[in-house]
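In what follows, a structure is listed as structure tokens, so that the remarks can point back to it.
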Amino acid sequence: MARLLVIEDGHEYEEFARLFLAPPFDVVAAHRADEAEALAAEATAFLIDLRFERAAPEDLLGDVNSVAASRFGGEVERAARWLKEQQGTLILAALREAGHAQPAVFVHDFPPRRVANLRRLYGAVAAVPSFDARAILKAFEALA
Amino acid sequence: MSRAEQAARLAHDVGKYVARIARNVPAGAPVPAPLLPLLVKDLYERPGADFASLSAGLEHPDVAVARAHLGRLDALESAVREGQPDACVEACGLALQIEAALARCAEAMAT
């Protein structure tokens with residue numbers, strides 16, 4: 001059976017996937033970048049939450065001071081917020097860098113140009129704006 | 001936090017999750033019994049999804065729409081927890097409308 005790696009800061013995506021996406025998937029979950037990297041090799045596809053609002057700062061991927069300096073004129077608080085708001089894409093970037101090219105679906109209402117940019121950067125990526133099981137399965141089928 | 005960021009967070013933390021189960025129940029159809037506990041969780045038991053605090057200071061017609069629908073959800077809570085079919089159907093409809101309203105607000109604030 002295909003294995004779906006769910007990547008989120010809570011448990012709602014995993015609960016949803018176990019109810020509505022299994023089958024066709026066998027579901028496993030990660031809540032931080034290092035957990036995702038450890039599980040990625042065995043996964044067929046990724047289902048990703050973009051925003052990690054509930055994550056502790058020490059559990060986030062990315063260096064807040066580097067981000068503050070490069071993106072926010074040194075504003076550390078703003079950088080810390082950005083790391084939470086974009087954590088899903090940062091984790092996907094890390095997975096791609098590690099050689100994991102599996103299809104990835106975000107459950108997030110991205111504007112079309114953002115989806116296009118994510119595809120340009122990370123290949124097989126789609127976005128579904130809500131917890132719509134049928135749409136998510138169709139997105140994975142389209143990326144296969 | 002800018003208004004755009006606030007609206008985006010509201011759409012994510014409240015709108016998306018309140019409709020998680022409701023989105024997957026056919027419109028107007030009874031909520032299957034195994035899904036009821038998760039529907040209750042989505043509607044009434046999400047810590048950190050406090051609409052009042054997340055929407056504080058954010059003025060937009062769709063925030064008012066979401067607030068009104070959440071008020072109606074509160075009134076339905078006992079009936080939904082008991083699994084009363086009509087209440088659950090109405091609650092699912094409200095959840096979808098809340099999601100849509102907050103998504104519209106986030107889109108409007110982003111442009």
Rounded if a/c is under 1.5, else prolate if a/b is larger than b/c, else oblate: which is the protein assembly as shown, with a ≥ b ≥ c the root eigenvalues of its Cα gyration tensor? oblate
Taking the Cα centre of chain A as origin, sum charge times position over the Cβ atoms of Lys and Arg (+1) and Asp and Glu (-1), and report the length of that vector in debye to the nearest 20. 700 debye
From the residues A:F20, A:A41, A:G10, which one has its Cα farthest along the dipole of region A:1-52 in the positive direction, the dipole being from +1 and -1 charges on Cβ of Lys/Arg and Asp/Glu about the Cα centre? A:F20
Env charge @ B:A7, Cβ radius under 12 Å, K,R +1 / D,E -1, value -3
In region B:1-75, which GluC sites (Glu not before Pro) are in a loop and have at most 12 other Cβ atoms within 10 Å, using DSSP for the loop call? B:E45, B:E59
For an R0 of 30 angstrom, estimate the FRET efficiency from the Cβ-Cβ distance between A:A133 and A:R71 and round to the nearest 0.05. 0.25
Net charge near A:R120 (other residues with Cβ under 14 Å of its Cβ; Lys, Arg +1; Asp, Glu -1) is +4
If the only charges are +1 at each Lys and Arg Cβ and -1 at each Asp and Glu Cβ, what is the size of the charge dipole of chain B around the Cα centre, to the nearest 20 debye? 200 debye
Computed ³J(HN,Hα) along region A:126-136: with the Karplus parameters 6.51/-1.76/1.60, θ = phi - 60°, integer Hz and x for glycine or proline, the list is 9, 9, 10, x, 8, 6, 9, 4, 5, 5, 5
Can you grab the distance from the C-alpha centre of region B:62-98 to the C-alpha centre of region A:88-144, Å, no decimals? 31 Å
Cα to Cα, under 21 Å, and not fewer than 8 places away if on the same chain: which lysines meet these conditions relative to A:K84? B:K16
Long-range amide H partners of A:V125 with built H, under 5 Å: A:A104
Surface share of carbon and sulfur [accessible, 1.4 angstrom probe, percent] for the protein assembly as shown: 54 percent
Please give the charge dipole size of the protein assembly as shown, origin at the Cα centre, charges +1 on K and R Cβ atoms and -1 on D and E Cβ atoms. Round to the nearest 20 debye. 760 debye
Find out how many positive minus negative residues lie around B:R67, taking Lys and Arg as positive, Asp and Glu as negative, among other residues whose Cβ is under 12 Å from that of B:R67. -2
For A:R3, residues with placed amide H under 5 Å, excluding near neighbours: A:D26, A:T44, A:A45
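The values are calculated or read from the model by the stated rules, or taken from the named source; none is laboratory data. This one's a predicted model, so the numbers in the text were calculated from it and none came from an experiment. Cβ coordinates were reconstructed from backbone atoms using ideal geometry, including for glycine residues, and neighbour counts include every protein chain displayed. What goes into the accessible areas is simple: the full protein's heavy atoms, side chains included, and nothing from ligands, DNA or RNA. Shrake-Rupley method; radii C 1.70, N 1.55, O 1.52, S 1.80 Å.
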